[in-house]
Amino acid sequence: MAASPGGAQPANPLIEARFFIPQPRAGSVPRRRLAQKLSAGTGTRLTLLSAPAGFGKSSLLAQWLEGEPDVAWLALTPAESEPSQFWRYFLAAVARIRPSATEAAASQLEATPAPDCIAISRTFVNALAVESRPFTLVLDDYHEVDGLEIGEGIAFLVDNLPPVMRLVIATRSDPPVALSRLRARGDICEIRVDDLRFTREEVGAFLSATMRLEVNDNGVASLESRTEGWPAGLQLAGLSLQGRDDLGAVIDSFGGDDRYIFDYLLDEVLAHQPPDVRQFLLYTSVLGRLNAGLCEAVSGCSGGQATLERLERDNLFVIPLDQKREWYRYHHLFAEVLQAAIGTAEPGRLSELHGRASAWYAAHGHTGEAIHHALAAGDIANAADLIETSWRAMDTSRHPATWLSWARQLPATELAARPVLNAGMAWALLSVGDLEQASMYLDAADAAAAEPAPVVADHTEFNVLAGVVASARAYLAQANGDARATIVHARRALDVLPATDRLRRGSPSALLGIAAWAVGDLEAAEAALADGVAARSDDSRYALPASYVLGLIQVGRGELDRAQRTYQRAIDVHGEATGQQLPGLADLHIGLADVSYERNELDAAEVALATSKELGNPAAGPHWSYRWLTLAARLAAARGDTDGAFALFDRAEEQYVRGPVPSVRPIGALRARLQLRHGNIQDAVAWVDRQTAGLDLLQPIEREFVDIVMAEIAVRRPGSRSGVPAITEKLEAIVSAASASSRIANLIEAGIVLAQAYDVAGDSARARQAVEDALTTGGQAGFIMPLVDGVQPLRSIIATLDPASPAAAYAATVLAEFGPGPFAPAASGAGLPEPLTPREIEVLGLVAGGMRNHEIAERLVISLATVKRHIANAYGKLGARNRVEAIDAARSLDIL
């Protein structure tokens with residue numbers, strides 16, 4: 001079965017019709033000159049067909065691409081102006097012929113309620129790098145898409161498109177792409193109005209072959225002149241000429257501007273149709289897509305399929321959208337003409353027709369289309385009912401952005417009267433990270449519910465509204481770092497929600513445990529989450545996300561084995577055993593990857609991350625992408641791919657959405673620590689200087705790790721000795737608090753940095769005790785990664801440990817496994833304030849060998865700027881002013 005948009009729902013004819021290349025009409029005029037021009041532009045990044053309505057852009061492309069196997073086609077509508085909807089259909093179109101090229105971007109999209117269009121485009125471009133077979137993607141009717149964000153994503157795509165893909169855009173107005181730059185580089189093939197106008201020969205061929213009219217040369221010339229080669233105008237003229245004996249007189253009577261011809265041909269075409277066909281055309285003109293049942297429901301006419309087939313056969317601007325001839329559409333211009341005609345002839349009819357369309361779509365499960373037509377009918381109440389009753393299903397299926405795009409079309413007065421709708425707005429806004437707006441809608445929900453006669457469509461939701469609102473307030477409080485308010489609202493929710501309502505009670509139950517975690521009480525947090533998971537182990541909607549959070553807490557407590565069992569048990573019960581891709585499974589595999597990472601089982605971690613990526617579409621929740629990218633960055637750093645790690649951290653930061661689950665390793669701190677341990681002290685210090693204003697916004701469990709990283713930067717900063725007493729005092733407090741609350745992961749991290757601080761202060765006894773404590777704790781818990789970087793500067797201290805002690809044995813295990821260490825080897829310059837990294841040593845060795853910067857970049861497959869940065873860092877650490885001094889200094893220290 002072909003992929004449906006986003007892969008989240010089964011394919012259906014309405015969606016499938018969007019991806020078929022329109023069938024060239026029998027007897028259509030071959031446009032060889034334009035086909036040749038299109039073929040000649042095969043090597044360009046962008047092919048652009050830009051012209052007003054009715055110039056045959058889609059028909060030309062259909063004719064040119066007929067029979068081509070490697071073509072993806074997407075006919076756009078205004079519904080795709082919402083970015084997530086646009087990219088869902090975009091990726092689904094490409095997936096029909098190149099599914100592997102869309103997997104990463106589709107996962108990223110489904111994990112992100114408010115997608116960054118450039119980030120989605122970048123992921124798609126990166127995936128194209130491994131594609132070998134060229135293909136073409138056509139975006140038809142691009143003008144229907146309105147939005148700066150989508151335009152930015154397409155512009156990025158065009159600028160970075162690899163040769164394997166050719167992008168074709170057909171539109172009534174130019175897309176927001178740097179066309180002048182593309183022209184200067186010869187990277188664009190353009191087909192415009194003057195190209196698309198029918199030549200005199202094509203006019204004659206069109207009238208005779210397509211319209212089956214015998215028009216003499218003078219008549220052809222006259223029509224070509226009066227219509228200026230406009231294909232749609234010629235088709236309308238041909239229809240008005242059919243069955244007329246006085247062709248010459250009719251042709252001669254044409255005159256005036258386009259509006260005159262437009263109105264004249266409208267009257268002539270409709271006047272020559274039987275009343276039933278005329279009614280069918282006018283009444284169904286409100287539909288963007290046509291099929292027999294829908295047309296019958298809207299027009300009130302029977303025989304919808306036969307009528308559609310007749311209209312196609314008579315060239316009445318009906319275009320088939322699939323090979324089975326089930327779905328059609330009108331030529332856009334013709335539809336506009338018909339809509340204008342019915343608006344004039346029966347001005348009160350349009351609302352009725354849109355209402356019929358809404359009812360049909362609602363009955364057939366097409367909620368989005370039903371809402372569109374209800375709004376077009378002016379039936380705001382019905383539209384609001386549809387939106388309100390769809391909220392729970394859309395929330396469960398993780399499509400808050402799409403639901404918000406519907407709800408935001410309602411007038412404020414309608415929203416104000418509906419408590420359930422306001423609660424839905426609040427939850428949807430929480431899902432996309434808009435906490436301030438969510439708070440306003442929660443207040444509005446309470447206000448509407450307090451009215452004597454609130455407007456309610458979903459009475460099931462209204463009956464539990466107090467609990468739903470309290471749960472949302474608990475979520476909001478926790479996302480804002482207010483654990484005390486979280487507890488108050490969560491308990492309120494549990495008090496008012498029915499004991500049997502396991503779905504809605506899941507959120508406040510979990511939030512109580514998360515609040516305890518956020519303030520550092522991991523024991524209470526683990527107990528709360530573990531009890532909840534045990535009580536609801538058969539309910540995937542609770543068990544999967546709660547198991548993920550429970551595993552994170554267990555990792556923080558140093559219980560790696562228990563965390564692994566928590567993740568695997570939930571996967572076994574709700575994943576492999578059921579064969580379903582449920583929301584939350586992708587996060588659980590990130591959890592498994594995290595456990596393997598902490599143990600330095602990097603191959604296993606990468607396998608688990610790959611599995612998570614496969615499950616990321618459509619099962620991932622809104623925060624999945626951020627979590628996946630963050631751990632992928634840490635893995636890249638562990639593998640020695642520093643540049644890749646920084647790039648992944650940047651992408652993760654783009655995907656961040658504020659939520660209630662604490663970020664126990666804030667990404668800014670992880671990046672700064674990586675900068676520090678790779679010798680980029682200046683940027684690490686700059687990060688510390690930027691933290692003053694934001695520290696109070698962090699939750700205690702987040703603040704603790706940030707404080708540890710800031711302390712390490714302060715300790716390893718050149719000239720830091722005078723500030724060490726204050727640093728050690730801070731670290732001693734962290735170690736004491738972490739030990740008391742069994743925050744083992746942070747205890748290890750803080751203990752290693754404390755040992756470094758004592759070492760810098762010259763207190764070798766305390767340094768030895770601190771490193772021994774950290775190594776002993778790490779060994780008991782099975783942690784390796786928190787130790788591997790931190791112990792490198794402490795080799796001289798470790799060498800003084802009792803060889804028979806557990807700490808010395810574990811240190812030997814860590815150091816033996818990592819050799820000199822991936823970040824700061826001991827042989828990188830004894831006595832230097834900051835040792836050289838392996839990459840800096842490697843670059844300096846190539847410099848000593850006489851290689852130039854660009855040669856080094858080519859040898860190491862890194863950028864020239866990266867080479868220069870490594871050289872500058874090495875010079876700074878060695879106190880050298882040039883290459884000669886740097887090489888001499890490195891050799892004197894036995895680095896080279």
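The values are calculated or read from the model by the stated rules, or taken from the named source; none is laboratory data. Here the structure is a predicted model, which means the values were calculated and not measured. When we count neighbours, we look across all protein chains shown, and the Cβ atoms used for this are built from the backbone with ideal geometry, even at glycine. All accessible areas refer to the heavy atoms of the entire protein, side chains included, with ligands and DNA or RNA removed. Shrake-Rupley method; radii C 1.70, N 1.55, O 1.52, S 1.80 Å.
Structure data summary
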read-out	value
Percent accessible area from carbon and sulfur atoms, the range 30-196, protein chains only, probe 1.4 Å	51
Fully extended contour minus Cα-Cα distance, from Ala726 to Arg32, at 0.36 nm per residue	241.8 nm
Distant-in-sequence amide H partners of Glu131 (H built 1.01 Å from N, under 5 Å)	none
Net length gained if the chain between Asp314 and Gln339 were fully extended (0.36 nm per residue, minus Cα distance)	7.0 nm
Share of carbon and sulfur in the accessible heavy-atom surface of the range 275-347 [1.4 Å probe, %]	48
Share of carbon and sulfur in the accessible heavy-atom surface of the range 647-709 [1.4 Å probe, %]	50
³J(HN,Hα), Karplus 6.51/-1.76/1.60, whole Hz, each residue of the range 190-200, x for Gly, Pro	10, 10, 10, 3, 5, 6, 7, 4, 5, 6, 4
1.4 Å probe accessible area per residue over the chain, in Å²	40
Computed FRET value (nearest 0.05) for Ala416 with Asp501, which takes r as the C-beta separation and R₀ as 30 Å	0.65
Accessible-area value, Asp696, 1.4 Å probe, nucleic acids and ligands omitted, Å²	130
For the range 500-516, 3J(HN,Hα) per residue [Karplus equation, 6.51 cos²θ - 1.76 cosθ + 1.60, θ = phi - 60°, Hz, x = Gly/Pro]	7, 8, 5, 4, 7, 6, x, 5, x, 4, 5, 5, 4, x, 5, 4, 5
Spin-label pair Glu66/Gln780, simplified geometry with 7 Å Cα→Cβ offset, distance in nm	7.9
Degrees separating the helix 367-376 axis from the principal Cα axis of the chain, which is the longest one	60
Beta bridge orientation in the chain: antiparallel %, DSSP, nearest 5	15
Separation in nanometres of the label points that stand 7 Å from Cα toward Cβ, at Thr396 and Glu346	4.0
CD proxy at 222 nm, helix term only [per DSSP H run n ≥ 4: -39500 (n - 2.57); per residue of the chain; nearest 500]	-19000 deg cm²/dmol
Candidate residues Glu654, Glu858, Glu110: accessible-area rank, largest first, probe 1.4 Å	Glu858, Glu654, Glu110
Gain on full stretching of the segment that runs from Leu697 to Ser173 - 0.36 nm per residue minus C-alpha separation	184.0 nm
Förster radius 35 Å - calculated FRET efficiency between Ser739 and Ser892 (Cβ-Cβ, nearest 0.05)	0.20
Inter-label distance, nm, simple model (7 Å from Cα along the C-beta direction), Ala610/Ala363	5.1
Exposure of Phe55 as accessible area (Å², to 10), given a probe of 1.4 Å and all protein chains	20
Residues listed by number, the range 599-616, amide nitrogen under 18 Å from Glu842 label point at 7 Å toward C-beta	none
Karplus-derived HN-Hα couplings along the range 386-394 (A = 6.51, B = -1.76, C = 1.60, θ = phi - 60°), whole Hz, x at Gly and Pro	4, 5, 5, 6, 8, 4, 4, 5, 5
